[in-house]
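The structure under discussion appears below in the form of structure tokens.
The values are calculated or read from the model by the stated rules, or taken from the named source; none is laboratory data. Because the structure is predicted, anything quoted here is derived from the model rather than measured. Quick reminder, even Gly has a Cβ in these numbers, built from the backbone with ideal geometry, and neighbours come from all protein chains shown.
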Amino acid sequence: MAKLIGGLIQMGLKGASEQSPDEIRRAMIEAHLPLIDQAGKQGVQVLCFQEVFTQPYFCPSQDAKWYAAAEAIPEGPTVKLMQEYAKQHNMVIVVPIYEEEMPGVYYNAAAVIDADGSYLGKYRKTHIPQIAGFWEKFFFKPGTSGWPVFETAYCKLGVYICYDRHFPEGWRALALAGAEYIVNPSATVAGLSEHLWKLEQPASAVANGLFIGAINRVGREAPWDIGEFYGQSYFVNPRGEIEAMASRDKDELLVHEMDLGMVREVRNTWQFFRDRRPASYGPLTEVE
């Protein structure tokens, strides 16, 4: 059966929020590079970082300073650098960054780079929260990239970003488009979210018969200190079983081998796709 070696990197903020976005980007990338090399040495085939991995989670503020953190995809420096590392290690890399489409138009996005270093495309976060401490609509335009599934060298890969995970429709759309493995880069803090962290992704993996890699950052980020980013990045299988989990509070590369044959096995046991009744679901899209 097909095996897939996945890697997830969780990390606390390097540098300080009062530094410029460029300075923080350099510090975060410098901290990631040894772990990327380590992933390559361990045979990781698909690697993913946390949400907006080159920056703090700046959305507790409403400070236009952070617009300078955005980069073009794929022309920006971070994606270009990760293309070099993907090719060097023969590794698919998912690169979640703050994207500038044009001045004044910004997205929370993730670029997908194939194992030969080629750029496959991007996913833009679809669901954007706007609540105390998470003023994301100030920074991000809702994505309309649809539900792309990327035919990588190793698997059919989907991307869903942080707050997206609360909405079952996107998981299902990615699964119906052929995804075997979906990554969900996040930035989420202790409180109401932590209980859901170990509930929603396993439930989505079961409902759609696929693997999910969930990534969260660690630590506290001054000056906002909206809470503790509680790490615990993990891999969950199509039966909803968490197969491997990272620590709560450490910078960490989590590496795990997934048996993609389980996707077919579980879907042949639980015939959720056969038994769907899409013609009956019209009201779900008729009500705004």
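Annotation note: of 252, 221, the sole residue that is crowded, with 20+ Cβ neighbours inside 10 Å and either acidic (Asp, Glu) or at pLDDT below 95 (or both) is 221. Scanning the stretch 209-242 for residues that are closer than 24 Å to residue 177 by Cβ and touching a strand residue (DSSP E or B) at 6+ places or on another chain (Cβ under 8 Å) turns up 210, 211, 212, 213, 214, 215, 234, 235, 236, 237, 238.
Looking at this structure, is residue 71 closer than 14 Å to residue 25 by Cβ, at pLDDT 95 or above, surrounded by fewer than 24 Cβ atoms within 10 Å (Cβ to Cβ) and of a type in the set (Asp, Glu)? So residue 71 passes the test. Of all residues assigned to the stretch 191-198, at least one qualifies as being of a type in the set (Lys, Arg), under 19 Å from the mean Cα position of the chain (by Cα) and farther than 22 Å from residue 14 by Cβ.
Within the stretch 144-167, the set of residues being farther than 22 Å from residue 258 by Cα and more than 16 Å from the chain's Cα centre (by Cα) comprises just one member, 144.
Residues considered: 193, 204, 145. Of these, the only one that is surrounded by 20 or more Cβ atoms within 10 Å (Cβ to Cβ) and not in a strand (DSSP E or B) is 204.
Filter the stretch 255-288 down to the residues that are assigned to a loop (DSSP other than H, G, I, E, B) and of a type in the set (Asp, Glu), then identify the one that is surrounded by the most Cβ atoms within 10 Å (Cβ to Cβ). So the residue we want is 275. Selection over the stretch 1-43 of residues that are among the charged types (D, E, K, R) and touching a helix residue (DSSP H, G or I) at 6+ places or on another chain (Cβ under 8 Å) gives a count of 4. Considered as a group, the residues in the stretch 224-249 that are under 16 Å from residue 56 (Cβ atoms) and of a type in the set (Asp, Glu) include one that is surrounded by the most Cβ atoms within 10 Å (Cβ to Cβ), and that residue is 228.
Answer yes or no as to whether residue 43 is more than 16 Å from the chain's Cα centre (by Cα) and closer than 22 Å to residue 236 by Cα. Taking the combined requirement at face value, the residue satisfies it.
Sub-9 Å Cβ pairs linking a first residue in the stretch 4-18 that is at negative phi to a second residue that is buried (at least 20 other Cβ atoms within 10 Å of the Cβ) and among the charged types (D, E, K, R), at least 6 apart or interchain, are 4/180; 10/217; 11/217; 12/217; 12/221; 13/217; 13/221; 17/221, ordered by first then second residue.
Of all residues being assigned to a strand (DSSP E or B) and free of Cβ contacts under 8 Å to residues at least 40 places away in the same chain in the stretch 55-99, which is nearest to residue 214 (Cα to Cα)? Just the residue, please. Within the stretch 55-99, the match that is nearest to residue 214 (Cα to Cα) is 99. Checked against (1) part of a loop (DSSP other than H, G, I, E, B); (2) crowded, with 18+ Cβ neighbours inside 10 Å; (3) modelled with pLDDT of 95 or more, residue 17 passes all but condition (3).
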